[in-house]
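A quick write-up on the structure given underneath.
The values are calculated or read from the model by the stated rules, or taken from the named source; none is laboratory data. None of the values given here were measured: they were computed from a predicted structure. Note: ideal-geometry Cβ built from the backbone for every residue, glycine included; neighbour counts use all protein chains shown. In case anyone asks, the SASA skips ligands and DNA or RNA and just uses the protein heavy atoms, side chains included. Shrake-Rupley method; radii C 1.70, N 1.55, O 1.52, S 1.80 Å.
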Amino acid sequence: MEFLYASEVLANGLMAGVMYSLVALGFVLIYKASGVFNYAQGVMALFAAMTLVGIMEGRVPFAHLINAAFGVHVSSFGWTVPGLFAILLTALIMVGLAIAIEKLVLKHLVGQEPIILFMATIGLAWFLEGLGDVMWGADVKVLDVGLPQGISETVETMTDNWLGYGFFIDRLDIWAAVIAAALVAALVGFSQYTKQGRAMRAVADDHQAALSVGISLQFIWIMVWSIAGFVALVAGIMWGTKSGVQFSLSLIALKALPVLMLGGFTSIPGAIVGGLIIGMGEKLFEYFVGSMVGGATENWFAYVLALIFLVFRPQGLFGERIIERV
Amino acid sequence: MFYREAGDFKTSYRDDGQTFPIRLDRWGYYAILAVAFLVVPFVIDSYWANAVLVPFLIYAIAAIGLNILTGYAGQVSLGTGGFMAVGAYAVYKLMTSFPGVPIVVHIVLAGAITAVVGVLFGLPSLRIKGFYLAVATLAAQFFLVWLFNKVPWFYNYSASGQINAPERTILGWAVTGPATTASAKYLICLVFAVVLAWVARNLTRGSVGRKWMAIRDMDIAAEIIGVNPLTAKLSAFAVSSFFVGIAGALLFSVYLGAAEASEAFGINKSFLVLFMIIIGGLGSIFGSFAGAAFLVLLPVLLKNVLVAQFGWPTDLAAHIELMIVGALIVFFLIVEPHGLARLWALTKEKLRLWPFPH
């Protein structure tokens, strides 16, 4: 029975890991293509989810600001937008955001050290967080685009028949796993087999060489940030449905960092495997050790694991070997 | 015209090597110190102390600490909040365990304890660098805050999980606890800030500081010319954590009076101090003060203008502040990566030549 409990914890950890992987994927994409470590990925997920809710509920953007500045009381257009259409609109907004980021930030920081770019994305994260709050308000929003939720009876009866103990697994988590798998397959296919994907990999390899064979750096960067925006949107929908659209959503970016360190910054499979290891590891650790030391070990377990891991293998599990030349 | 070094001749090595080599600069700093010590304590009221001056001085100390690590030694840290928490909880444990010992000793000891913890979390820096290290320092941030929340020994088993600073006095004046006057709070922070800034200034221009900068500019090259990366990096972590620990100790004992680890020393505190040194200027002691002043004053200013003048809701002002700070970070990184300190240096350069163009 002890073993069955542990495996239920393990299964739930795997599902949580899939969620981490989703965010980590966005990081890897941007890192591979532009060498930028995008701290704002988590806030982009939050921003996307907020925008989605705002559009679906027909809220007036900047309502608080307008009310405060002009002394009126607007809050809603009075219509609701169906989920799929709202998702499309939000995706368009994320593309607009990608263009704005390229034009206003990245273009001016070409050739800077990675750590400067990293700090710039931290600034970007704060800006987006403020923008999201000013646009749509800081209240906790409920997001429902029609994804199934609640305990999966199929899994429960199935495991009950096999093992005599029903596993509790959220249907949303199963859906998230399926969607994540589809997303990864699509991304790998895109980067391996299409013209734009090849151009993207060329840019990742060497900016100047890519420019010299006629690849537009500007276009590739906008494309990559747009894709990262889509991934953020998907992650935002999943997390937003699971736990409501609120500030803590942006903190999943911080959880994705150890995932990346474990899996390696440059590897898409690494992001997936790293996410699964962290997801399982922190749930199992909480289950076996957490109760002894007062719980809530999930806050730091991932970081400490990544820290210890890094000391022995700095490039992560699947990362490219770090070679330094003087 | 206004700012000259002509006629300021150095006749000994001692003159040449002093902290402020230009006479006008020196007088300027003496004047500022005189005003800070002799005028401000008598005119300060509790609003100015609590909203502006005390947080400014405390964050300036923290910013100097992080600047030593990030600006001088090139090791980016996101664990500042965690290390401040170490300082705060260390001073709390010391204050409650040894009530007879003067509070100043406790604060310095709290800094020393933080230095030890900092070295411990600095060990991975020998293997990893850049933002790998930045992420690794997040481990310090989350682990330390969790530790102080979960282990009751650290907060003396108090029911609320909070720590409260008991009253302690220096020469009969209360400096911690509810009875503290505004000028006492201000003066103790000022003394620490001035002494620590002086220490930092002299460390960074000495051989230790040059080793840090060599490591920052290129660690492999530094190693080849004989800088030991082990001692250079770990000493940077130790000194930086010492400063940050003292800032944390002052923040808790003098400024806040009561604190709860995850609230007062969360990840946002780490980012706040990092932003201070980016805006102020990486690798500059003056920049640490400028950045701290800027980010302490900005919310006060916005609150006064938006909330008091326009009557906008407070949360809206807070969100706009987030946007402004974020945009400023990006702006400074693009336009002036060396921050306010560089702008100040440019101004001085211009004034030196004014009204002639060259």
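Taking the mean number of other Cβ atoms within 10 Å as a proxy for protection, how do you rank B:313-324, A:176-187 from highest to lowest?
Numbers: B:313-324: 17.4, A:176-187: 15.9.
Per-residue Cβ counts within 10 Å, averaged per peptide and sorted highest first, yield B:313-324, A:176-187.
How shielded is A:296-303 by partner chains, expressed as the average number of their Cβ atoms within 10 Å of its Cβ atoms? Write out the running numbers ahead of the final one.
Working: counts 4, 3, 2, 8, 11, 4, 3, 10.
Across A:296-303, the average partner-chain Cβ count within 10 Å equals 6.
So, with a 1.4 angstrom probe, what is the percent of accessible area on the protein assembly as shown that is carbon and sulfur? Could you put the intermediate results ahead of the total?
Working: 20220 of 29860 Å².
After summing per-atom areas, the C and S share lands at 68 percent.
In what order, largest first, do A:219, B:154 sit by accessible area if the probe radius is 1.4 Å? Before the final figure, lay out the partial values.
Numbers: A:219 105, B:154 45 Å².
Of A:219, B:154, the descending order of accessible area is A:219, B:154.
Based on C-alpha coordinates, I'd like the Rg and Dmax of segment A:22-243, in Å.
Over segment A:22-243's Cα set, Rg and Dmax evaluate to 20.1, 65 Å.
Where in segment A:202-225 does the label zone of residue A:194 land, with the point 7 angstrom along Cα→C-beta and an amide N cut-off under 15 Å?
A:202, A:219-225
Express the accessible area of the protein assembly as shown per residue in Å², computed with a 1.4 Å probe while the remaining protein chains stay in the model.
On the way: 29860 Å² over 684 residues.
Per-residue value: 44 Å².
Show me B:285-297, A:228-240 ranked by packing, highest mean number of other Cβ atoms within 10 Å first. Show your work: numbers first, answer last.
Details: B:285-297: 23.5, A:228-240: 26.4.
Top of the packing list down: A:228-240, B:285-297.
For the full complex of protein chains and a 1.4 angstrom probe, list B:96, A:121, A:80 by accessible area with the highest value first. Intermediate values should be presented prior to the final figure.
Values: B:96 50, A:121 5, A:80 110 Å².
My answer, sorted largest first, is A:80, B:96, A:121.
Within chain B, which whole H helices from DSSP have a Cα span along their axis of at least 30 Å and a mean Kyte-Doolittle hydropathy of 1.0 or more, if any? Numbers along the way, then the final one.
Details: long enough: B:182-204 (32 Å, 1.53); B:229-250 (31 Å, 1.47); B:314-335 (31 Å, 2.15).
In chain B, the long hydrophobic H runs are B:182-204, B:229-250, B:314-335.
Counting only C-alpha contacts under 8 Å and six or more residues apart, can you give the relative contact order of chain B as a whole percent?
Working: 544 pairs, mean separation 104.9, N = 358.
RCO, chain B: 29 percent.
Among rounded, prolate and oblate, which fits segment A:33-95 when a ≥ b ≥ c are the square roots of the eigenvalues of its C-alpha gyration tensor, a/c under 1.5 means rounded, and a/b larger than b/c means prolate?
Values: a/c = 3.49, a/b = 1.57, b/c = 2.22.
It comes out oblate by the Cα gyration axes.
By Kyte-Doolittle mean hydropathy of at least -1.0 and Cα axial length of at least 27 Å, which whole DSSP H helices of chain A are selected? Walk me through the numbers before you get to the answer.
On the way: long enough: A:2-34 (47 Å, 1.23); A:83-104 (31 Å, 2.18); A:114-136 (32 Å, 1.46); A:171-193 (33 Å, 1.46); A:217-243 (38 Å, 1.46).
Span-like helices, by this rule, are A:2-34, A:83-104, A:114-136, A:171-193, A:217-243.
Please state the shape class of the protein assembly as shown: rounded when a/c is under 1.5, otherwise prolate if a/b exceeds b/c and oblate if not, all from the C-alpha gyration tensor.
Values: a/c = 1.57, a/b = 1.42, b/c = 1.10.
Here the protein assembly as shown falls in the prolate category.
Using per-residue counts of other Cβ atoms within 10 Å, averaged over each peptide, order B:41-50, B:176-185 from highest down.
Working: B:41-50: 13.5, B:176-185: 18.1.
Listed from highest to lowest mean packing, they are B:176-185, B:41-50.
Could you report the accessible area of residue B:210 in Å², rounded to 10, computed with a 1.4 Å probe on the protein chains as they sit in the structure?
150 Å²
What whole-number distance in Å separates the alpha-carbon centres of segment A:249-269 and segment A:272-300?
16 Å
Sort chain B into rounded, prolate or oblate with this rule: let a ≥ b ≥ c be the square roots of the eigenvalues of the Cα gyration tensor; rounded if a/c is under 1.5, and if a/c is not under 1.5, prolate when a/b is larger than b/c, oblate otherwise. Provide the component values of the computation, followed by the final result.
On the way: a/c = 1.41, a/b = 1.20, b/c = 1.18.
In terms of gyration-tensor shape, rounded.
Taking both sides together, what accessible area is buried at the B/A interface, probe 1.4 Å, expressed in Å² and rounded to the nearest 100? All intermediate terms of the calculation are to be shown ahead of the outcome.
Values: alone 17980 and 16270 Å², together 29860 Å².
Summed over both sides, the interface buries about 4400 Å².
Over 29 Å between C-alpha atoms is what I'm after, so list which of A:242/B:129; A:141/B:303; B:10/B:233; B:129/B:269 land there. Before the final figure, lay out the partial values.
Details: A:242/B:129 36 Å; A:141/B:303 27 Å; B:10/B:233 35 Å; B:129/B:269 22 Å.
Exceeds cut-off: A:242/B:129; B:10/B:233.
How many angstrom lie between the C-alpha centres of segment A:55-120 and segment B:60-78?
Cα centroid of segment A:55-120 versus Cα centroid of segment B:60-78: 33 Å apart.
Per-residue Cβ counts within 10 Å, from other chains only, averaged over B:332-339: what number is that?
Values: counts 3, 11, 10, 1, 0, 6, 0, 0.
Mean shielding by partner chains, rounded to a whole number: 4.
Using a 1.4 Å probe and counting only protein heavy atoms, arrange A:73, A:207, B:338 so the residue with the most accessible area comes first.
On the way: A:73 175, A:207 65, B:338 105 Å².
The residues order as A:73, B:338, A:207, largest area first.
Ignoring everything but the protein chains, give the 1.4 Å probe accessible area of residue B:312 in square angstrom, nearest 10.
Looks like 40 Å² after rounding.
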